[in-house]
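Derivation of every value follows stated rules applied to the coordinates shown; laboratory data play no part. Keep in mind that what you see is a predicted model, and the values were worked out from it rather than measured. Cβ: placed from backbone, ideal geometry, glycine included. Neighbour counts: every protein chain shown.
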Amino acid sequence: MTKISPSPDLTAPPRRRAPSQRSLATSRNILDAAERLFAERGYDGASVRDIASAAGAQIASVSFHHGSKEALFARVIERRATELSRLRLEALETLKAGAGPVTLEGILSAFLRPYLEKAGLDGCGAGDPQWLAYARLVAMVSADARWRQISERCFDPTAGVFIAEIARLFPNAKPSRIAVAFVFSVSAMLSLSTSRWRIEALSAASGSGPEPEHQVSDLVRYCEAGMCAALTD
């Protein structure tokens, strides 16, 4: 008896082949190059042509892999924001699962340290120049209202979780004041990330060198003290 093969489903969408390793590498190279150039020149100063050249790719590859320039900028921000949010939330869950009480220092450490460690600013490594460039981009996005939607999508959900934890420690503080104190803390983190050259210059002028192994702990304590002062007066 002849076996009849089932008719193909002509309504089903065509199968897409998985991207090749070469295609994935090109996409990553474009994101890395865009991250560096956007950080160095700003959004308006970095051209798609220059990004393609820095990535060693054809200019058409930029739009093929990432769409418009604005879409590319958003993808650059989102790429590390996703990983950073995961690391921060994991650190917070570890803190809450511990035997001791949840403290403001612990909350701030869970938020600030993951980025600083990735960037190598904890004194345990040379630092990743891509993560250091990313700090400049976050500062740029935070300071320019035209990128508000990117900030709201990439950063606000995680920030909201941490702000809620801080509010539990300061139940009498107004939410607006907690938000201000939190933004000040984020700004201090970005300042440390983008102004290492100033720290080195000022340390040299005083006759002593910078101590990167203490900078992260000093930053957490600085932010903790400032937040306590702002929310308890």
Hey, what do the phi angles of region 42-48 turn into as Karplus ³J(HN,Hα) couplings, whole Hz, using 6.51/-1.76/1.60 and θ = phi - 60°, x for Gly and Pro?
-> x, 4, 6, x, 9, 8, 4
Sorted by chain and number, the residues with a modelled amide H under 5 Å from that of Asp128, at a separation of 5 or more or across chains, are Gly120
Under the rule rounded for a/c under 1.5, else prolate if a/b exceeds b/c, else oblate, using alpha carbon gyration tensor axes a ≥ b ≥ c, region 14-85 is classed as oblate
Let me know the Rg and Dmax you get for region 46-121 when you use only its Cα atoms, in Å.
-> 18.3, 55
Ala71-Glu90 pseudo-label distance in nm [points 7 Å out on the Cα-to-Cβ vector] | 3.1 nm
Positive end of the charge dipole of region 69-180 (Lys, Arg +1 and Asp, Glu -1 on Cβ, about the Cα centre): tell me which of Val161, Tyr115, Ala179 has its Cα farthest that way.
-> Ala179
What 222 nm value per residue comes from the helices of the chain, counting each DSSP H run with n ≥ 4 as -39,500 (n - 2.57) and dividing by all residues, nearest 500 deg cm²/dmol?
-> -24000 deg cm²/dmol
Extension gain Arg49-Ser187, at 0.36 nm per residue separation less the Cα-Cα distance, in nm?
-> 46.5 nm
Convex hull volume of the Cα atoms in the chain, per residue, in Å³?
-> 236 Å³
Whose amide H sits under 5 Å from the amide H of Val102, counting only residues 5 or more places off or on another chain, with H placed in the peptide plane?
-> none
With θ set to phi - 60° and the Karplus curve 6.51 cos²θ - 1.76 cosθ + 1.60, what are the ³J(HN,Hα) couplings of region 165-177 in order, to the nearest whole Hz, using x for Gly and Pro?
-> 5, 5, 4, 5, 7, 10, x, 8, 7, 5, x, 5, 6
The chain - charge dipole about Cα centre, Lys and Arg +1 at Cβ, Asp and Glu -1, debye rounded to 20 = 1020 debye
